[in-house]
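Here is the structure we will look at.
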Amino acid sequence: MPERGTDRTDVPPSYTRPRDVQDVSRAVLRSEQAKRWTKRYRTEVAASSSSLLSTFVAYPLDSVKTRLQAYQFKSFTDCILHTYKTEGLHGFYRGVWSPLASITLVRTVSFSIYQRSKYAIDDWIYRATGSSPLAIANTRDALPTLSTITCFGLSGATAGAAITAIACPFELTKLSAQISVLMADRKDGGGTNDAVRKSYQNLGTFRTAQNLVRHRGWAGLYSGFHLHLLRDTIGTGIYFVTYESVKQILANGRGSSPTSPLAVVIAGGMCGLVSWACIFPIDTAKSIYQRNCLVGGREKAERPKIHFFHARMYRGLGVSMGRSCVVNAIFFTAFEFTKKRINRLTFDEELLREHGA
């Protein structure tokens, strides 16, 4: 039986003070305080910096995915050509600033909740069964078990449900920015509400939010919340189960660390592919419903049914899976690399204690 708690091996190497320092400059103290803060919040620091990089690189694919879900195009290529012809290169990055801020915030909070939930559920399972899922997951030659899948899945679902309240308004304004030109050009709803449809064109995040409140009230910022909650609860649970399990299998198969670069890259790509394949019809229904809310003014928006294995609900799946594979491979590679670098940081706790810092 592996020793419980082997997942928490973030102990810094010993730090030896070169000499007693009686008079320490403020710059030195600030530097030591910054190192201590960075190590304490290493998950949040690694998640936020990695999210900024991965989101910006893959945003054009997300923009094309949303257009394919919300409107009819002949093909992926047709959507790209139409976007470039009508909006230029800027069209692929339309609305990028909102998700750069929101996705970074959401990922940071999500990973923080996931880490805390993971340890809490691990403690609960250990008390109930005498076996620690995290110890199993970090034991060489051990395969995923029901307890590890339960631990990672429940932790991911908890994180996904918790961040929906933050993410929903931001994702709605992002969707509006991505399809605002299409909404203005096409006669949704038989050409009614022309003024409403065109009022969203080429607006920033704040002004889009103002328009939503004007047309649908404050509740309009949470249009599609029920679908968003369903998508993120299920999707995030599948996401983390896939990542942790694939990483464990690959690392054990090679006899290497669970955070070896190859295992992280492949597991990161796989978790995006698997989670999107499972929840894509829910995401499509959310995109269609939110579009209907945007173009319908104060009218009651039509709620599309979620049809699994229906071709219409999978339009844009290939783009989404490709984008997700790229995003998560980049994200988790940067995340694990950054976290390892932070774990190597050393700071002088005695020095900080002496100066009351």
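The values are calculated or read from the model by the stated rules, or taken from the named source; none is laboratory data. Owing to the predicted nature of the structure, the values given are computational and were not obtained by experimental measurement. Here Cβ is always computed from backbone atoms with ideal geometry, including for glycine, and neighbour counts include all displayed protein chains. All accessible areas refer to the heavy atoms of the entire protein, side chains included, with ligands and DNA or RNA removed. Shrake-Rupley method; radii C 1.70, N 1.55, O 1.52, S 1.80 Å.
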Legend entry - Neighbours by Cβ (under 6 Å, 6+ apart or cross-chain): first from the range 131-142, at positive phi; second open to solvent by 30 Å² or more (accessible area, probe 1.4 Å) and of a type in the set (D, E, K, R): none
Inset, instruction - Scan the range 83-99 residue by residue and report those that are open to solvent by 20 Å² or more (accessible area, probe 1.4 Å) and in contact (Cβ under 8 Å) with a residue 12 or more places away in the chain. - result: Thr86, Glu87, Phe92, Tyr93, Arg94, Gly95, Trp97
Legend entry - Residue selected from the range 299-310 under the condition open to solvent by less than 60 Å² (accessible area, probe 1.4 Å) and of a type in the set (A, V, I, L, M, F, W, C), by the criterion modelled with the lowest pLDDT: Ala301
Legend entry - Of all residues making up the range 304-357, the number that are of a type in the set (Gly, Ala, Ser) and out of contact with any helix residue (DSSP H, G or I) (no Cβ under 8 Å at 6 or more places or on another chain): 2
Legend entry - Yes/no for Thr148 being at negative phi, modelled with pLDDT of 80 or more, under 24 Å from the mean Cα position of the chain (by Cα) and not basic (Lys, Arg): yes
Inset, instruction - Go through (1) touching a residue at least 40 places away in the same chain (Cβ under 8 Å); (2) open to solvent by less than 30 Å² (accessible area, probe 1.4 Å) one by one and return the number of the condition Met313 breaks. - result: (1)
Inset, instruction - Taking Pro281 as meeting all but one of (1) surrounded by fewer than 20 Cβ atoms within 10 Å (Cβ to Cβ); (2) of a type outside the set (Phe, Trp, Tyr); (3) in contact with a Phe, Trp or Tyr (Cβ under 8 Å, 6 or more places away or on another chain); (4) at pLDDT 85 or above, write down the number of the exception. - result: (1)
Legend entry - Selection status of Ala70, in contact (Cβ under 8 Å) with a residue 12 or more places away in the chain, touching an Asp or Glu at 6+ places or on another chain (Cβ under 9 Å) and aliphatic (A, V, I, L, M): no
Inset, instruction - Go through (1) charged (D, E, K, R); (2) open to solvent by 60 Å² or more (accessible area, probe 1.4 Å); (3) modelled with pLDDT of 85 or more and name the single condition Lys339 misses. - result: (2)
